[in-house]
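The structure follows.
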Amino acid sequence: MVEAQVQGWKLRAIFAAFDADGDTVASAADFAATSANMADMMNADSRQRAALKDAFDHWWDAVSGGNEQITVQEWVAAMSALDDDRFDEIMLPIVNVMVETVDTDGSGDVSLEEFQRFYAGVGLDLDMAAEAFAHLDRDHDGALDHEEFRIAMREYYLSDDPNAPGSWLMGPPAATGT
Ligand SMILES: [Ca+2]
Ligand SMILES: [Ca+2]
Ligand SMILES: [Ca+2]
């Protein structure tokens, strides 16, 4: 079950990042704080900030099962149980805001220069941006379009494949697991 373990460590790393208050359980407040952090990192405007908040509230509803807090085991189980349609429905507003904020010239897609600015803005290793960009640019047209971001987000969170292009969204896949 090596593949399932890959998804497990990715989801555990994400859980740790979402657990804003560090008490080892996730709550609605953690999700709200994570959405606010993401909005800050992306320099989101008030409308984008509200869209992220709604998306994270919806995400929390989907994984919490009505509980006030969940453990990492419950998080991994709940995320693994989401079907693709449900996941896309939760992620779409997040992807929309991400593309809008990274696409600083408003061209509708993301150039390497815009992607590097995004990496710098969120504090990722700028040296890795070009390689990550090459992985994410599936049709090799030199730009990341909305669909490439959407697929990358799904792979980033859910793919069992450590070599999936989307695993590069936030840098080299190996770095996510440490
Ligand atoms: Ca917490
Ligand atoms: Ca652009
Ligand atoms: Ca492309």
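Once the Cβ-Cβ distance between ASP161 and ALA134 is put in as r, and R0 is 22 Å, what FRET efficiency do you end up with, to the nearest 0.05?
0.80
Farthest toward the dipole's positive end in the chain, which of THR24, ASN37, GLN48, given Cβ charges of +1 (Lys, Arg) and -1 (Asp, Glu) about the Cα centre?
Of THR24, ASN37, GLN48, it is THR24.
Springs between alpha-carbon atoms under 10 Å, Gaussian network over the chain: tell me which of ALA81, ALA152, ALA143 tops the mean-square fluctuations.
ALA81
Could you check which residue among VAL97, VAL110, VAL122 shows the biggest mean-square fluctuation in a GNM of the chain with a 10 Å Cα cutoff?
VAL122
Amide H to amide H under 5 Å from VAL110: which residues, 5+ apart in sequence or cross-chain, H placed 1.01 Å off N in plane?
Hits under the 5 Å cutoff: LEU144, ASP145.
Kirkwood Rh over alpha-carbon pairs of the chain, then Stokes-Einstein at 4 °C and 1.567 mPa s: what D in µm² s⁻¹, rounded to an integer?
Rounded to a whole number, D works out at 78 µm²/s.
Also: State, as an integer percentage, the relative contact order of segment 2-176 based on alpha-carbon contacts under 8 Å between residues 6 or more apart.
Relative contact order for segment 2-176 comes out at 22 percent.
If you average the C-alpha positions of segment 55-82 and of segment 84-114 separately, how far apart do those two centres end up, in angstrom?
Measuring centre to centre over Cα atoms gives 23 Å.
Moving on. Pick from ASP54, ASP141, ASP88: which is most flexible by mean-square fluctuation in a GNM of the chain where alpha carbon atoms under 10 Å apart are linked?
ASP141
Provide the per-residue ³J(HN,Hα) series for segment 117-132, in order, calculated from phi with Karplus coefficients 6.51, -1.76, 1.60 and θ = phi - 60°, each as a whole number of Hz, with x at glycine and proline positions.
Here the 3J(HN,Hα) series is 5, 4, 4, 5, x, 9, x, 7, 5, 4, 5, 8, 4, 5, 5, 4 Hz.
With each pseudo-label sitting 7 Å past Cα toward Cβ, what's the ASN67-ALA28 distance in nm, one decimal?
1.6 nm
Something else now. Hey, what do the phi angles of segment 41-50 turn into as Karplus ³J(HN,Hα) couplings, whole Hz, using 6.51/-1.76/1.60 and θ = phi - 60°, x for Gly and Pro?
Residue by residue, segment 41-50 yields 4, 8, 6, 5, 7, 5, 5, 5, 4, 5 Hz.
What per residue convex hull volume, in Å³, comes out for segment 37-106 when only alpha-carbon positions are used?
99 Å³
Readers should treat all values here as calculations from the given coordinates under stated rules, not as data from a laboratory. Note that the structure is predicted; figures quoted are calculated from it, not measured. Heads up, the Cβs are rebuilt from the backbone with ideal geometry, glycines too, and the neighbour counts pull from every protein chain shown.
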